[in-house]
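Trainee: I'd like to ask you about the structure that follows.
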Amino acid sequence: MMWARRDILKAGSAIVATTGLPRLARAQVGGTSVGTLEIDTAGRRAPISPLIFGQFIEFLGRSITGGIFEEGSPLSDANGFRRDVLAKVLGLQPTILRFPGGTVTKIYHWEDGIGPRATRRVRPNLIWGGVEDNHFGTDEFIRYARELKAEPFITVSMGVGTAEEASNWVEYCNGTGRTHYADLRRRNGFDAPHAVKYWGLGNEEDAEPDAGRLQDPADYVREAWYYAKLMKLQDPSIKLIAAGGGQAWNERVVHELHPVADYLALHLYPKTQGGVPLSLIKSADDTEATIGTIRDQIARLAPPRVTEFNKWYRFPPRAAPMMIALDEIGIWEDAGGGVYNMETRYDWNHALATATLYNVMIRNADIIGMATWAQTVNVLAPILTNATGSIAQTIWFVMALYRRFCGSHRLSATLPSPVLALPGAEQQRSLDTAATIDDAGGTISVFVVNRHPDRAVATRIARPAGYRRVDLHELSAPSPRSANTLDRPEENVVAERSRTLGTIPDHYSFPAHSITVLHFRR
Ligand code: AHR
């Protein structure tokens with residue numbers, strides 16, 4: 001059935017899950033079975049962080065203003081929040097929301113965005129162009145995150161900002177005493193602390209063309225330590241995300257900041273190469289190797305717990321293993337409208353790549369501590385707006401599906417697959433798989449993406465021990481080129497099929513260019 005616009009917002013419920021690495025195998029495609037889906041229910045289970053279902057908003061083009069926030073629009077509420085957009089963001093049930101950037105943090109002063117809107121400082125957006133009136137600031141961000149029931153995640157400025165300014169921001173958000181910035185928050189209408197737990201120490205600080213000032217890792221580490229001290233002295237319970245970069249940068253940052261950094265940021269933006277759609281699948285698959293490299297670095301350089309730490313720091317060291325924060329993950333095609341061509345129209349091939357990325361995150365749940373999709377609205381986003389309405393793009397449906405069916409732990413699963421053997425993705429598997437189990441009910445979700453543009457792939461199914469029944473949820477579209485558009489907001493190219501298969505069948509054929517969840521029940 002096609003999902004009507006009014007139905008899409010009902011999607012979603014539970015939290016997260018897990019997966020296993022699929023094997024490459026010689027096989028045929030079509031109606032014949034090529035291998036067996038095997039789920040290792042007795043194998044090692046890694047918890048999946050619910051925070052992999054995050055979103056990201058930045059002062060960039062129409063991401064915030066004209067996206068989630070539009071004062072004076074008949075579609076907005078008294079806060080200026082676009083209700084149509086909020087409903088679609090709510091449909092994704094994000095667990096964490098990152099703000100205010102991104103690269104824009106390099107020129108951002110948080111105090112421009114608090115207090116009465118009429119008196120807020122209007123500044124040029126030196127990074128992305130245009131003018132920011134700062135009517136959406138810290139308090140609006142917290143209010144928005146609370147509406148979503150998402151953890152707020154703030155990235156501080158390590159460009160024009162200072163360590164003291166960042167520390168004051170922590171005091172404003174989290175301070176409980178009768179101190180200047182905590183009182184300022186109260187005067188702005190928020191008696192209770194905002195309790196912001198996640199704080200990013202800058203963004204892409206290694207990016208040489210950016211208006212940053214810490215592009216040598218030695219400079220970054222020195223400054224980041226100072227920021228960490230002043231911020232943790234305000235609130236020792238906060239979690240810090242260190243800015244990641246290239247391999248040499250990460251080596252130094254992990255080695256020297258690991259006593260205080262809970263996460264290392266990694267930004268992943270697969271893209272289509274040379275106009276060949278399937279190259280996007282290869283690009284998505286390649287993210288797994290990058291994650292593996294950083295997993296090895298962290299294992300080598302950051303002990304799971306920090307045991308020796310000078311008591312005169314006056315705050316505790318990191319107490320849990322360092323993890324990767326994919327605090328920007330998205331698909332960047334450099335094609336579309338808007339600022340720097342970032343208002344991308346995502347077709348069904350992008351949806352298949354998005355599903356692959358969620359499979360990658362599930363398979364690597366042991367090291368991925370959070371992920372915030374870059375970005376949420378208009379900019380490289382699952383939601384597009386204009387003055388009269390908004391649409392959910394193809395990738396929105398994938399995000400909602402994974403959010404709904406992902407269990408609490410990763411399971412190992414194998415599913416032999418033929419290779420695509422098509423231009424751009426010669427060696428890529430047709431089927432990509434991840435599996436999760438939900439601790440509470442014991443249900444297993446196996447996510448299978450058939451990335452082949454026009455061939456179904458059949459498999460045998462080995463019944464997981466103790467499981468008797470299976471339900472099926474499938475997303476598909478007429479072709480990999482199908483897309484939803486603002487020109488035809490009532491049309492939705494994404495079809496969802498849900499059915500109970502009853503007893504577990506011996507075989508199943510995954511349709512061409514489809515995304516399937518097999519939901520096993522006892
Ligand atoms: O998400 C868009 C931009 O991509 C962010 O500002 C930056 O961090 C990244 O390069």
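The values are calculated or read from the model by the stated rules, or taken from the named source; none is laboratory data. Worth saying up front: this structure is predicted, and the values here are computed from it rather than measured. FYI the Cβ positions are ideal-geometry reconstructions off the backbone, even for glycines, and counts take in every protein chain you see. Protein only, heavy atoms only, side chains kept; ligands, DNA and RNA dropped before computing areas. Shrake-Rupley method; radii C 1.70, N 1.55, O 1.52, S 1.80 Å.
Trainee: Taking amide H positions as placed in the peptide plane 1.01 Å from N, state which residues far from Met370 in sequence (5 or more) or on other chains have amide H under 5 Å from it.
Mentor: For Met370, whose amide H was placed from the backbone, the distant partners under 5 Å are Leu326.
Trainee: How many percent of the accessible area of the chain is carbon or sulfur, using a 1.4 Å probe?
Mentor: Here it works out to 52 percent.
Trainee: Taking the alpha-carbon centroid of each part, what is the distance from the stretch 456-505 to the stretch 118-172 in angstrom?
Mentor: After rounding, the separation between the Cα centres reads 40 Å.
Trainee: Can you give the FRET efficiency for Asp219 and Asp133, using 1/(1 + (r/R0)^6), R0 = 35 Å, r = Cβ-Cβ distance, to the nearest 0.05?
Mentor: With a Förster radius of 35 Å, E is 0.60.
Trainee: Ignoring everything but the protein chains, give the 1.4 Å probe accessible area of Phe59 in square angstrom, nearest 10.
Mentor: Roll a 1.4 Å probe over it and Phe59 shows about 10 Å².
Trainee: Also, quick follow-up: For the chain, what does the equivalent ellipsoid look like in terms of its semi-axes, each the square root of 5 times an eigenvalue of the Cα gyration tensor, given largest first in whole Å?
Mentor: 38, 27, 21
Trainee: Additional query: What does the accessible area of Asp206 come to, in Å² to the nearest 10, when a probe of 1.4 Å is used?
Mentor: Roll a 1.4 Å probe over it and Asp206 shows about 50 Å².
Trainee: Here's a follow-up. Return the distance in nm (one decimal) between the two label points of a simple spin-label model at Asp210 and Thr503, each offset 7 Å from Cα along Cα→Cβ.
Mentor: In this crude label model, Asp210 to Thr503 measures out at 5.8 nm.
Trainee: Kindly write out, for the stretch 365-375 in residue order, the coupling ³J(HN,Hα) from the Karplus curve 6.51 cos²θ - 1.76 cosθ + 1.60 (θ = phi - 60°), rounded to whole Hz, with x marking Gly and Pro.
Mentor: 4, 5, 10, 8, x, 6, 8, 10, 5, 10, 10
Trainee: Now for a separate question. Using the basic label-point model (7 angstrom from Cα toward the beta carbon), what is the Asn188 to Arg522 distance in nanometres?
Mentor: 4.9
Trainee: A follow-up question, please. Checking the a/c ratio against 1.5 first, then a/b against b/c, what shape does the Cα gyration tensor give for the stretch 288-367?
Mentor: Judged from the Cα gyration tensor, the stretch 288-367 comes out prolate (a/c at least 1.5, a/b above b/c).
Trainee: Just the accessible area per residue of the chain, please: how many Å² with a 1.4 Å probe?
Mentor: Accessible surface, normalised per residue, equals 37 Å².
Trainee: With each pseudo-label sitting 7 Å past Cα toward Cβ, what's the Arg143-Val276 distance in nm, one decimal?
Mentor: Label at Arg143, label at Val276, 5.1 nm between them.
Trainee: Let me ask you something else. Amide H to amide H under 5 Å from Thr155: which residues, 5+ apart in sequence or cross-chain, H placed 1.01 Å off N in plane?
Mentor: Amide H neighbours of Thr155: Phe99, Gly101, Gly200.
Trainee: Shifting gears a bit: Pull out the extension gain between Asp439 and Asn386, defined as 0.36 nm times the separation in residues minus the alpha carbon to alpha carbon distance; nm, one decimal.
Mentor: In short, 14.9 nm is gained.
Trainee: In debye to the nearest 20, how big a dipole does the stretch 50-405 give about its Cα centre with +1 on each Lys and Arg Cβ and -1 on each Asp and Glu Cβ?
Mentor: Once rounded to the nearest 20, the dipole reads 980 debye.
Trainee: Using only Cα atoms, locate the centre of the stretch 269-300 and the centre of the stretch 80-99, then give the distance between them in Å, rounded to an integer.
Mentor: Result: 28 Å between the Cα centres.
Trainee: Of all DSSP beta bridges located in the chain, what percent are antiparallel, nearest 5?
Mentor: 60
Trainee: Sticking with this structure for a sec: Please work out the FRET efficiency for the pair Ala465 and Arg305, using the Cβ-Cβ distance as r and a Förster radius of 35 Å; give the result to the nearest 0.05.
Mentor: 0.45
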